[in-house]
1. What are the extents of the Cα atoms of segment 145-264 along their three principal axes, listed from largest to smallest and rounded to whole Å?
2. Among rounded, prolate and oblate, which fits segment 224-332 when a ≥ b ≥ c are the square roots of the eigenvalues of its C-alpha gyration tensor, a/c under 1.5 means rounded, and a/b larger than b/c means prolate?
3. Per-residue ellipticity at 222 nm for the chain, helices alone: DSSP H runs ≥ 4 residues times -39500 (n - 2.57), over residue total, nearest 500 deg cm²/dmol?
4. Mean-square fluctuation check for the chain, GNM, Cα pairs under 10 Å: which of Ala156, Ala172, Ala281 is largest?
5. How far apart, in nm, are the 7 Å Cα→Cβ label points at Ala285 and Gln331?
6. Using a/c under 1.5 as the rounded threshold, could you call segment 48-113 rounded, prolate or oblate? The axes a ≥ b ≥ c are square roots of the C-alpha gyration tensor eigenvalues, and prolate needs a/b larger than b/c, oblate otherwise.
7. Would you please classify the overall shape of segment 199-238 from the alpha carbon gyration tensor, given that a ≥ b ≥ c denote the square roots of the eigenvalues, rounded means a/c under 1.5, and beyond that prolate means a/b larger than b/c while oblate covers the rest?
8. Considering only protein heavy atoms, what per residue accessible area in square angstrom results for the chain with a 1.4 angstrom probe?
Amino acid sequence: MRSTLPFLLSLTFALLPAVGHAADEDGKPQILATLPTVGALLREVGGDAIEVSVLARGDEDPHFVQATPRLMRQARDADALFEVGMRLELWVDNVTGGAGNPRLQRGMPGRVVLSDGVPPLEVPTRIDAAQGDIHPQGNPHIWLDPVRAKLMARNAAAGLQKLFPEQAALFAANLADFEGRLDRAFYGEALLKTVGARKLDRAVLSGRLHDLLDREFKGKPLRALAGGWLKQAEPLAGRDLVEFHKVWAYFASAFGFTLVGTVEAYPGIRPGPGHLEKVVALMKAKSVPLILVDNFYLEDLPRHVAGKAGAGFVMLPDQVGGEKDLETYFQLIDRILSHILGALEAGKAANTP
């Protein structure tokens, strides 16, 4: 019996319908997202044609979510599950395993990974358990770069089109609308018209956007044409900052500042006093004004390090839903920029004689 079980399970999976099992009373497919930002992107491209529910909260660590019976019940009748991937949501396999829903198992059409084909940063050259919570495929917080979020949305649309081909045109139209709004929000109209979204996106993904913006155009740097978030983030350009946990590489690359250190020596492991002394010395040497901290961490350690270094720290949502009234991807980037710039301005005011 034991030897035939894998065959019987694979046969059962093959005979199950790919879609349509859990449509709600309005006939909408039931789509499950691992994280609130995944859910927000799905709502952008799926629109009113799908019903989206989310497993994790926006104010909890996306690496460590408990696979509770409530989450398993959410997954039991879902038509599809969309995740970031890159070994970020390893907990979700416990959810799908307990739900008894074969459509959501790895390798099935109903399991869609949004990081596929998205260029990663911080890919480790060596994997060692002693280094903490290492991600072999690179830093998984890809949504914090607007261009990579656009690629995630494309993967979401492609997954929905494959599962529900009768709505393919709607998903394509919604994706095009989202991309247009995101381009305008990030680059601004004048920069888009002059350079074009494709060239700008390539520069972001290669880490050369801010080199491009420094090029001269009609007697001025291209940066002078930037609008939207890029214009708002001008005070960040060229800054040296420190992060608490390895989260903010994509955001830093997109908005032109440098992360010169991390409070955690190894991801997910509380640092010892020797490492903290090195971080404090680095911050003093480079005049680092701010530590970026995800708001599900406790404040005690970043507050201690910032105080020793004569700097500040800022608690940031890294997910949609990470703070009150934070429901869309656009609101997420707005809120992060507002918090960082506000903290920099407050620190500047505090250090003004």
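The values are calculated or read from the model by the stated rules, or taken from the named source; none is laboratory data. Model, not experiment: these values are computed from the prediction. Ideal geometry is used to build each Cβ from the backbone, glycine not excepted, and the neighbour counts take in all protein chains shown. For the accessible areas, the whole protein counts, side chains as well, though only heavy atoms, and no ligand, DNA or RNA atoms are used. Shrake-Rupley method; radii C 1.70, N 1.55, O 1.52, S 1.80 Å.
1. Answer, in whole Å and largest first: 49, 45, 21 Å.
2. oblate
3. Result for the chain: -13500 deg cm²/dmol, rounded to the nearest 500.
4. Ala281
5. 4.3 nm
6. rounded
7. It is oblate, given that a/c is not under 1.5 and a/b is not larger than b/c.
8. 47 Å²
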